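Quick notes on the structure that follows.
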């Protein structure tokens, strides 16, 4: 398995562990189904991490998902009900997509083996990476939600 394939799983697990204790509710939150399509200047964005962060950080739980080859995503929340998805409410949305390239570093001393390190490159505009700066604001309502995320290179 390539290293770049592991990155989305690692990010999701980190986000889910970080948000596991956030918000109110029991073992099954009243989540609503959320799906949509992520595009950049009209073209689908594949392998993007979508994160819905509650606008009211005191009373909410984040939801995350990944886009497929057509840009389609569905959300999941830690502690979510059978539908998974997101709890009804207002959210700030971030979208991230990285490229990971392995780079060899020459040995520092004779006899040492070269080492490898992963270099990440963000492939989407910076404005979509932080909830506080992202122009993407959405509301999840009770029932089925279809929320498309049209991104632009200008970040508007």
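What to note about this one:
- Taken together, 46, 58, 35 contain a single residue that is more than 21 Å from residue 156 (Cβ to Cβ) and in contact (Cβ under 8 Å) with a residue 60 or more places away in the chain, which is 35.
Let's see how each residue does on (1) free of Cβ contacts under 8 Å to residues at least 40 places away in the same chain; (2) buried (at least 18 other Cβ atoms within 10 Å of the Cβ); (3) closer than 29 Å to residue 152 by Cβ:
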site	(1), (2), (3)
78	no, yes, no
85	no, yes, yes
99	no, no, yes
104	yes, no, no
127	yes, no, yes
133	yes, no, yes
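- Residue match in region 21-30 (condition: part of a strand (DSSP E or B), in contact with a strand residue (DSSP E or B) (Cβ under 7 Å, 6 or more places away or on another chain), surrounded by 18 or more Cβ atoms within 10 Å (Cβ to Cβ) and at pLDDT below 90): yes
- The strands (runs of 3 or more DSSP E) found entirely in region 50-156 that carry 1 or more residues being modelled with pLDDT under 95, touching a strand residue (DSSP E or B) at 6+ places or on another chain (Cβ under 6 Å) and farther than 23 Å from residue 35 by Cβ are 98-105, 115-122.
The values are calculated or read from the model by the stated rules, or taken from the named source; none is laboratory data. Quick caveat: nothing in here was measured; it's all calculated off a predicted structure. Here the Cβ is made from the backbone with ideal geometry for all residues, glycine too, and neighbour counts use every protein chain on show.
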